[in-house]
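A.B. asks: If you scroll down you'll find the structure; I have some questions about it.
The values are calculated or read from the model by the stated rules, or taken from the named source; none is laboratory data. In this text, all values refer to a predicted model and were calculated from it rather than measured experimentally. We place every Cβ from the backbone using ideal geometry, glycine too, and count neighbours over all the protein chains shown. Keep in mind that these areas ignore ligands, DNA and RNA; they rest on the heavy atoms of the full protein, side chains included. Shrake-Rupley method; radii C 1.70, N 1.55, O 1.52, S 1.80 Å.
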Amino acid sequence: MNLLIDSLTMVCLALGCFLGLTGGIGIYRLPDFFTRLHASSVTDSACAFLILFGLALQAGWSLVTIKLGLVFFFLVLSSPTASHALAKTALNSNQQPLLGREDKR
Amino acid sequence: MYAATCVAILIVMALALLRAILGPTAFDRLLAVNMFGTKTVLFIAVFGFLTERPDFLDIALVYALVNFLGTIAVLRFFERKHLAAKTEAEESP
């Protein structure tokens, strides 16, 4: 049983780190602000869930797991809202999204 | 296991900082700072597990909220600065 939890934690942490890295690379390579916003906000919440779930598995049923749940709850609440506010303000101050590559239009 | 996660999160934070430096528009920089803050929350949580100190999670919890408030505050500044420019444009002609 303990081996199962440890291996599941390893898998969750590895997946979380992988998603975080793809988010980091995505924010660097993508051409336009809104695509970068998409890359960073999607991986943020997914990476947070996987890493915090991996840690919660290690902590078992205790106060630490409740705190991890609270951290995840606030991250899930605040991260999409911040991304939405960021996109709205960017659009309002006429930051035009890159609608299509010039060469591919 | 935790150390590897810490290193991976540090790499992602470095990439976010790289975008903050390179970012052409101010919004790219704000996006990078927001992502950096979220990754800091995760780093504090994993580091707390690495050093067997459960009280780090309280810090992570507070930092998650402060980071969100910081982003929203800067956005309000951008919003107000843009509105001021627009009202001036309407009044002047």
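A.B. asks: For the condition part of a helix (DSSP H, G or I), in contact with a helix residue (DSSP H, G or I) (Cβ under 7 Å, 6 or more places away or on another chain) and closer than 16 Å to A:Leu70 by Cα, what is the one hit in B:Gly48, B:Gly37?
C.D. replies: So the residue among B:Gly48, B:Gly37 that is part of a helix (DSSP H, G or I), in contact with a helix residue (DSSP H, G or I) (Cβ under 7 Å, 6 or more places away or on another chain) and closer than 16 Å to A:Leu70 by Cα is B:Gly48.
A.B. asks: Same structure, new question: Among the residues of the stretch B:22-59, how many are facing chain A (nearest Cβ under 7 Å), touching a Leu at 6+ places or on another chain (Cβ under 8 Å) and farther than 20 Å from A:Asn92 by Cα?
C.D. replies: Matching residues across the stretch B:22-59 total 8.
A.B. asks: Looking only at residues in the stretch A:50-81 that are more than 17 Å from the chain's Cα centre (by Cα) and over 14 Å from B:Val46 (Cβ atoms), which one is surrounded by the most Cβ atoms within 10 Å (Cβ to Cβ)? Outline the logic, then answer.
C.D. replies: Keep residues of the stretch A:50-81 that are more than 17 Å from the chain's Cα centre (by Cα), which gives A:56-67.
Next cut, over 14 Å from B:Val46 (Cβ atoms) only: A:60-63, A:65-66.
Working: A:Gly60: 9, A:Trp61: 8, A:Ser62: 11, A:Leu63: 10, A:Thr65: 18, A:Ile66: 13.
Looking at residues that are more than 17 Å from the chain's Cα centre (by Cα) and over 14 Å from B:Val46 (Cβ atoms), I get A:Thr65.
A.B. asks: Could you tell me how many of the residues in the stretch B:1-21 are within 22 Å of A:Leu8 (Cα to Cα), within 8 Å of chain A (Cβ to nearest Cβ) and open to solvent by 70 Å² or more (accessible area, probe 1.4 Å)?
C.D. replies: 1
Residue-wise test of (1) within 27 Å of B:Ala8 (Cβ to Cβ); (2) in a loop (DSSP other than H, G, I, E, B).
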| residue | (1), (2) |
| --- | --- |
| B:Pro54 | yes, yes |
| B:Tyr63 | yes, no |
| B:Phe68 | yes, no |
| B:Thr71 | yes, no |
| B:Val74 | no, no |
| B:Arg80 | no, no |
| B:Ala84 | no, no |
| B:Glu88 | no, no |
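A.B. asks: Hey, can you tell me all the residues within the stretch B:48-93 that are surrounded by fewer than 18 Cβ atoms within 10 Å (Cβ to Cβ) and of a type in the set (Gly, Ala, Ser)?
C.D. replies: Correct list: B:Gly70, B:Ala73, B:Ala84, B:Ala85, B:Ala89, B:Ser92.
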